[in-house]
Amino acid sequence: MKIYKPNFWDKKKSIISIILIPLSIIYNFLLFLKTKLIKSENFQVPIICIGNIYVGGTGKTPLAMEMYKIFKEKKYNPTIIKKFYINHLDEQEMIKENNLVLISSKNRKKGIYDAIKEKYNLIILDDGFQDLSINKSLNILCFKSTKLLGNGRLLPAGPLREKIESLKKVQIIMINGNINKEFENKILSINKNIKIYYSKYVPLNLENFKFKKVVAFSGIGEPNNFYQLLERNNVQIKKKFTFPDHYNFKEREIKEIVNYAEKNNFILITTEKDYYRIIKKYRKKISYLKLKIDIENKKRFVQDIMEYIK
């Protein structure tokens with residue numbers, strides 16, 4: 001589903017959010033039923049699940065891609081598994097264009113069986129924390145420091161897919177952004193054994209855009225992160241076009257944006273994920289910001305993961 005995230009998801013005192021609380025209670029009851037009705041299955045290969053409880057825009061796929069590279073260097077034969085959604089083709093193409101192995105299936109368990117059949121010995125599950133049918137070797141949850149828990153409420157009154165108490169099932173937290181000791185303490189009060197790490201995005205081709213006038217557009221979960229990254233690095237954004245997360249760009253929309261940039265002699269830039277949702281004949285007219293995820297204390301992070309996949 002392509003939606004704009006409502007502003008009230010970040011406001012506890014929002015009237016709309018309060019009105020929706022009864023629906024959140026029903027949603028939570030359905031989650032409870034799932035835990036009682038669905039039986040988890042064990043698999044013969046280690047499975048690292050990279051998930052979230054905040055809806056979208058927490059950096060799961062970039063972390064999955066980085067972990068693929070880490071364990072490939074360690075002589076594992078890994079694969080990334082994603083559940084197939086038609087509106088997530090951008091992420092799938094991005095993974096493949098970076099020369100990483102991806103198995104996409106409408107059923108994650110089938111994807112795992114296919115991976116085992118193809119002799120892959122490490123599964124990196126991109127999303128799937130809420131999939132109770134799979135017993136994971138390790139759960140890593142992703143957060144963005146600019147959002148964290150929003151107003152702390154479950155869908156639809158807030159942005160959470162599960163209550164924060166679900167952290168009891170988690171071994172590692174990855175926070176993209178600034179250090180937040182208050183949030184760390186909240187996490188540790190729920191699960192004292194959890195390991196907390198931080199990451200940040202490092203631009204790889206920023207010099208192509210510094211001090212240049214650009215038109216920026218995006219259809220990602222947290223578009224302001226993209227715009228702010230450009231502006232912090234002296235990229236002059238003259239106009240922004242913002243679309244819902246995983247938006248399927250229409251040709252007339254891209255044509256309009258391209259014409260506007262060309263008319264004003266501006267560089268047209270988007271995110272890497274958005275780039276792969278653009279009709280191919282327009283891609284040569286559009287640049288994208290190439291990012292790499294930088295994990296703090298990376299050596300210790302990898303050591304902690306190894307404890308669960310030996």
DSSP-loop trypsin sites (Lys or Arg not before Pro) across the stretch 27-67, with at most 16 other Cβ within 10 angstrom: 39
Volume of the Cα convex hull of the stretch 106-155, divided per residue and given in Å³: 117 Å³
The stretch 209-310: relative contact order as a whole-number percent, Cα under 8 Å and 6+ apart: 28 percent
Trypsin sites (Lys or Arg not before Pro) within the stretch 80-118, DSSP loop, no more than 14 other Cβ atoms inside 10 Å: 106
Orientation-averaged projected area, Cα convex hull of the stretch 29-162 (nm²): 8.7 nm²
Three semi-axes of the equivalent ellipsoid, the stretch 132-290, Cα gyration tensor, whole Å, largest first: 36, 18, 14
Rounded to the nearest 20 debye, dipole of the chain from Cβ charges on Lys, Arg, Asp, Glu: 160 debye
Subset of 212/284; 69/310; 34/60; 96/163 violating a 28 Å alpha-carbon distance limit: 96/163
Magnitude of the charge dipole, the stretch 252-310, Cβ model with Lys/Arg +1 and Asp/Glu -1, debye to 20: 380 debye
Relative contact order for the stretch 67-180, counting Cα pairs under 8 Å that sit 6 or more residues apart, in percent: 23 percent
Residue of 58, 271, 35 that the Gaussian network model of the chain assigns the largest fluctuation, springs spanning Cα pairs under 10 Å: 35
GNM flexibility winner over the chain from 240, 281, 168 (Cα, springs under 10 Å): 281
Alpha-carbon spread of the stretch 125-190, three principal axes, descending order, Å: 32, 26, 22
Sites excluded, chymotrypsin sites (Phe, Trp or Tyr not before Pro) in DSSP loops with at most 13 other C-beta within 10 Å, longest stretch of the chain: 5-210
Descending principal axes extents, the stretch 70-132, alpha-carbon based, whole Å: 32, 27, 20
Residue among 58, 25, 7 farthest towards the positive dipole end of the stretch 1-64, charges placed on Cβ: 7
Helix-only CD estimate at 222 nm, as mean residue ellipticity for the chain, using -39500 (n - 2.57) per DSSP H run (n ≥ 4): -10000 deg cm²/dmol
Length-normalised contact order of the chain in % [C-alpha pairs under 8 Å, at least 6 apart]: 21 percent
Partner aspartates and glutamates for residue 83 [C-alpha distance under 15 Å; skip if fewer than 8 residues away on the same chain]: 91, 93, 114, 126, 127, 131
Per residue accessible area of the stretch 75-213, 1.4 Å probe, in Å²: 46 Å²
Estimated Rh, the chain: Kirkwood, alpha-carbon pairs, angstrom: 20.7 Å
Apportionment of accessible area to carbon and sulfur, the stretch 116-224, percent (1.4 Å): 47 percent
Rounded to whole Hz, the Karplus (6.51, -1.76, 1.60) HN-Hα couplings of the stretch 246-260, x for glycine and proline: 6, 5, 8, 4, 7, 4, 5, 5, 5, 4, 5, 5, 4, 4, 5
Rounded Å value of the spacing that divides the Cα centres of the stretch 266-292 and the stretch 117-191: 29 Å
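The values are calculated or read from the model by the stated rules, or taken from the named source; none is laboratory data. These figures come from a predicted structure and were not determined experimentally. Note that we place each Cβ from the backbone using ideal geometry, even for glycine, and neighbour counts take in every protein chain shown. These area figures cover heavy atoms from the full protein model, side chains too; ligands, DNA and RNA do not enter into them. Shrake-Rupley method; radii C 1.70, N 1.55, O 1.52, S 1.80 Å.
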